[in-house]
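Working notes for the structure below.
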Amino acid sequence: MNSEPHIMRAFDRDLETVQAMLMRMGSLVEDAIVRAAEALDARDNDLAGRVVRGDAVIDALEEQVNLECARIIALRSPTATDLRTVLTVMKIAAYLERCGDYAKNLAKRSTVLNQTAPIGDSAGSVMRMAKLVQQLIRDALDAYIKRDATLAIEVRQRDTEVDQMYNALFREFLTHMMEDPRNITACMHLHFIAKNIERVGDHATGIAEQVIYLVTGTLPAEQRPKGDTTAYDRGA
């Protein structure tokens, strides 16, 4: 009796399980990013606290994904495309976990900023930027589920929009700091919030690149387009 079809069906079931975890993780990350921005916009410390506490669920899901992927590799011995799929899932989960960390950091800084006077429409600008990266993550994960390299390439290209928004905010914060030194502390917190969101955009493009690799077997050869022209360290 040929056991190969049975093994393939078992692998497919296992993959569906781990992909469901990954999509749950992605949904939580998308929600965390926008809710953290909402906490800043609405000056809502309770909401910010929920975002911070919710990061533990994202971390736990990443651990579950990794454990399940390790189990699949050990039990199913996937080869070629199947192995590439499992490894891609693990890498995407790592990107999502980092995005969750950035959302948590955003929420923490918002509780500090909620004790200071608002700086122009900075909270509204942060919200618009957060919604943009939320859509990038959503589209990148959609590209993974559909195995759509074209959509993944579009996500990668659209990251420049996030960079442009970040650059505009950076200049705005500099202006506020120069106009009134009392704005410096708040603007520095706002800068790091904007930087966190910009980094989420980078991770969304990282997910997109993994999708391209999964579908085509190769990572994009060209450097990803970047629009961050500030002098600040990209690891901030």
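The values are calculated or read from the model by the stated rules, or taken from the named source; none is laboratory data. Everything numeric in this text was worked out from a predicted model, so none of it was measured. Every residue, glycine as well, gets a Cβ built from its backbone with ideal geometry; the counts of neighbours run over all protein chains shown. Only protein heavy atoms, including side chains, enter the accessible area calculation; ligands, DNA and RNA are left aside. Shrake-Rupley method; radii C 1.70, N 1.55, O 1.52, S 1.80 Å.
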*Got a number for residues in region 174-196 being over 12 Å from ALA123 (Cα atoms), in a helix (DSSP H, G or I) and either open to solvent by less than 40 Å² (accessible area, probe 1.4 Å) or of a type outside the set (S, T, N, Q) (or both)?*
13
*Is it true that THR150 is part of a helix (DSSP H, G or I), without any contact (Cβ under 8 Å) to a residue 12 or more places away in the chain and among the polar types (S, T, N, Q)?*
yes
*asked:* Tell me yes or no: at least one residue of region 166-187 is under 30 Å from GLU16 (Cα atoms) and out of contact with any Ser or Thr (no Cβ under 8 Å at 6 or more places or on another chain).
replied: no
*The listed residue being touching a Cys at 6+ places or on another chain (Cβ under 8 Å), surrounded by 20 or more Cβ atoms within 10 Å (Cβ to Cβ), in a helix (DSSP H, G or I) and hydrophobic (A, V, I, L, M, F, W, C), out of VAL89, VAL51*: VAL89
*Can we say ALA143 is out of contact with any Cys (no Cβ under 8 Å at 6 or more places or on another chain), under 18 Å from VAL29 (Cβ atoms), among the aliphatic types (A, V, I, L, M) and crowded, with 16+ Cβ neighbours inside 10 Å?*
yes
_Residues within region 9-21 that are in contact with a helix residue (DSSP H, G or I) (Cβ under 6 Å, 6 or more places away or on another chain) and under 12 Å from ILE145 (Cβ atoms), tallied_ = 0
*Listed residues ALA123, ALA74, ALA107; which is modelled with pLDDT of 95 or more and assigned to a helix (DSSP H, G or I)?*
ALA107
*asked:* If a residue must be aliphatic (A, V, I, L, M) and either surrounded by fewer than 20 Cβ atoms within 10 Å (Cβ to Cβ) or without any contact (Cβ under 8 Å) to a residue 60 or more places away in the chain (or both), how many such residues does region 92-104 contain?
replied: 1
_Contact list please: Cβ distance under 7 Å, first residue in region 41-65 and among the small types (Gly, Ala, Ser), second residue in a helix (DSSP H, G or I), pairs at least six apart or on different chains._
ALA48/ALA36; ALA48/ALA39; ALA48/ALA107; ALA48/SER110; ALA48/THR111; GLY54/LEU28; GLY54/ALA32
*Could you look through region 1-19, keep only residues that are among the aliphatic types (A, V, I, L, M) and either touching a strand residue (DSSP E or B) at 6+ places or on another chain (Cβ under 9 Å) or in a helix (DSSP H, G or I) (or both), and pick out the one that is modelled with the lowest pLDDT?*
ILE7
*Which is loosely packed, with under 15 Cβ neighbours inside 10 Å and in contact with a helix residue (DSSP H, G or I) (Cβ under 8 Å, 6 or more places away or on another chain), of LEU83, LEU61?*
LEU83
